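J.: Take this structure, written in structure tokens, and hold onto it; I'll ask about it next.
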Amino acid sequence: MSDREIGRILDRTLSGKELTPGEALRLFQAEGKELRAILQTADAVRRAAVGDTVTFVIVRNVNFTNICYTGCKFCGFAKRKGDPEAEFLSLDEIARRVEEAQERGATEVCIQGGLHPNIEGTYYGDILTAIKDRAPDIHIHAFSPFEIKYGAGRMGVSTRDFLLYLKDCGLGTIPGTAAEILDVEIRQQLTRDKLTAAEWIDIVKTAHRLGIRSTATMMYGHIDRPEHWVAHFNILREIQKETGGFTEFVPLGFIHWDAPLYFAGGARPGPTRDENLKVHAIARLFFNGWINHIQVSWVKLGPRFAQYVLKNGGANDFGGTLMNESISRSAGAPYGQEVTPLEMCRMIREIGRRPARRNTLYQIAEPYDDHDPPDMEPLVPRTAEQSSLFADFARQPG
């Protein structure tokens, strides 16, 4: 692959032409100065699309149960009933955590859990109703397509009717998780294809048609290859052309430390540094004009490298403060407990960008052009290791 070929592809992208799957695959083969050119182009496209503001949302994750019998090979989160670490939160405790988050400034709560063998489909609606009774103004971002398929099956209704039921109970948007890689071969190895690529696509499209928007995600760096990433990108772009329902794209690097797939020798230890950069930057180019917001997952990348990708790789959103995140931490990630809004602002300013708090649909709720959000202690006390990771951004002068 020549410098001239890379230059031609990037010039076409800068002129507003849509990146083809074949061109995207060629970009994934770039190294050295060609990779630097891709990053510079992605950054220029980012600036033209969304400017120099880096956004974040104040959100709490509530993983209401880790009891799950699905057996996904990449997951270190799931437990069986009777396991000492098994957890199943009561409706009251879920609502209490949401109310507590709202008091700390949260505008969104993200609700996901394992596929518990003893819950009825109506339990998903009960969660939404319990939250709305205690925090009626909070935006509920809840239930992956896998959970939606499971809940619909437990109720004996179509996924469309189940989504309408959830919407009536207060559902706002859904996370586009459980996408992993939308490839039959890969999904058979990761999840035994218990939620097929076709089912994920159908559920997401159905949600969009019902006015329920979603994120779009991709988990990469396990048994996949660049051709799978490009095919995944293309599916998401085609969905977006049809529905316009995706709010953002969130690359999710595989966390290998405690993942069964890695222990069994079936996966590599997550994506490389260059792969992380390429996925974010090429996503920016591939989705240009269709999905404006490319998010970094500080839980997956770590706060320092997330800053680097925001500064150099075409991303524009820092994600959420989270408060509690247990899925990535269960797989061995050292991050995920909480980044406070003040820390978010200081990390964003450190890379020369303007911070702003957004809502779930990317409307700016509060720009921080000339002031900081209030200081606060993390909701869950940090370990010494976690404190050292965030010490640079915490309570020193801005």
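J.: Which condition number does K311 fail, the rest of (1) part of a helix (DSSP H, G or I); (2) at pLDDT 95 or above; (3) surrounded by 22 or more Cβ atoms within 10 Å (Cβ to Cβ); (4) not aliphatic (A, V, I, L, M) being met?
T.: (3)
J.: Now for a different question. Which condition does A86 not pass, out of (1) at pLDDT below 95; (2) outside any loop (DSSP other than H, G, I, E, B), if it passes all the others?
T.: Failed condition: (2).
J.: Where residues in the stretch 209-246 are assigned to a helix (DSSP H, G or I) and in contact (Cβ under 8 Å) with a residue 60 or more places away in the chain, which of them is farthest from the chain's Cα centre (by Cα)?
T.: Checking each candidate, the answer is E227.
J.: Specify which of the listed residues (G151, G172) is modelled with pLDDT of 95 or more and touching a strand residue (DSSP E or B) at 6+ places or on another chain (Cβ under 8 Å).
T.: The match here is G172.
J.: Considering only residues that are hydrophobic (A, V, I, L, M, F, W, C) and within 18 Å of R237 (Cβ to Cβ), which ones fall in the stretch 204-217?
T.: V204, A207, A216
J.: All but one of (1) more than 19 Å from G114 (Cα to Cα); (2) surrounded by fewer than 22 Cβ atoms within 10 Å (Cβ to Cβ); (3) under 16 Å from the mean Cα position of the chain (by Cα) hold for T206; state the number of the condition that does not hold.
T.: Condition not satisfied by T206: (3).
J.: So for the stretch 326-334 (the condition being in contact with a Lys or Arg (Cβ under 8 Å, 6 or more places away or on another chain), part of a loop (DSSP other than H, G, I, E, B) and either at pLDDT 95 or above or surrounded by fewer than 21 Cβ atoms within 10 Å (Cβ to Cβ) (or both)), does at least one residue qualify?
T.: no
J.: Would you be able to tell me the number of residues in the stretch 161-185 that are crowded, with 19+ Cβ neighbours inside 10 Å, of a type in the set (A, V, I, L, M) and either closer than 17 Å to G125 by Cβ or out of contact with any His (no Cβ under 6 Å at 6 or more places or on another chain) (or both)?
T.: 6
For (1) out of contact with any strand residue (DSSP E or B) (no Cβ under 9 Å at 6 or more places or on another chain); (2) modelled with pLDDT of 95 or more, each residue gets a yes or a no:
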{"position": "K205", "(1), (2)": "yes, yes"}
{"position": "I223", "(1), (2)": "yes, no"}
{"position": "H228", "(1), (2)": "no, yes"}
{"position": "H232", "(1), (2)": "no, yes"}
{"position": "R237", "(1), (2)": "yes, yes"}
{"position": "Q240", "(1), (2)": "no, yes"}
{"position": "T243", "(1), (2)": "yes, yes"}
{"position": "E248", "(1), (2)": "no, yes"}
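The values are calculated or read from the model by the stated rules, or taken from the named source; none is laboratory data. Just so we're clear, the structure is a prediction, and the values are computed from it rather than from any experiment. Note: ideal-geometry Cβ built from the backbone for every residue, glycine included; neighbour counts use all protein chains shown.
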